[in-house]
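Worksheet for the structure shown next.
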Amino acid sequence: MKFIDFPLRGEFIPLDALLKATGLAPSGGAAKAQVAQGQVLVDDQVELRKTCKLRAGQRVTCGDVEVQLQPGAPATCIQPKRTKS
């Protein structure tokens, strides 16, 4: 089995987006089809919700690949620079 550690950029990532981002699906449509066909497990349970929110600590298994979601840097809001008028 192949293992991938995936750092989150925010609080969560939708399941179909994770499959695409990790290369487990070549497109969003293919990712949604894999989920609909019951080919994806989340924490060892078949997951049929295509856009379920995945958070740090969860595991996703697709075929012989397991993805472990890791906490990433917290999302930040960048304030635009103010210019003098």
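Values quoted throughout were computed directly from the atomic coordinates according to the rules given, and no laboratory measurement underlies them. Predicted model only: the values in this text are computed from it and were never measured. Every residue, glycine among them, receives a Cβ derived from its backbone with ideal geometry; neighbour counts consider all protein chains shown.
Net charge within 14 Å of VAL35 by Cβ-Cβ distance, Lys/Arg positive one each and Asp/Glu negative one each, not counting VAL35 itself?
Numbers: positive: LYS20, LYS32, ARG49, LYS50, LYS53; negative: ASP16, GLU47.
Computed value for this residue: +3.
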Taking K and R as +1 and D and E as -1, what net charge do the other residues with C-beta under 10 Å from the C-beta of THR51 add up to?
+3
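May I ask you to derive the FRET efficiency for VAL46 and MET1 from their Cβ-Cβ distance with R0 = 22 Å, giving the value to the nearest 0.05? Kindly include the intermediate steps, with their values, before the conclusion.
Details: r = 18 Å, r/R0 = 0.80.
Plugging the Cβ-Cβ distance into 1/(1 + (r/R0)^6) gives 0.80.
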Whole-Hz ³J(HN,Hα) for each residue in the range 48-62, computed from phi via Karplus 6.51 cos²θ - 1.76 cosθ + 1.60 with θ = phi - 60°, x for glycine and proline: what do you get?
10, 8, 5, 10, 4, 7, 9, 10, 3, x, 7, 10, 10, 10, 9
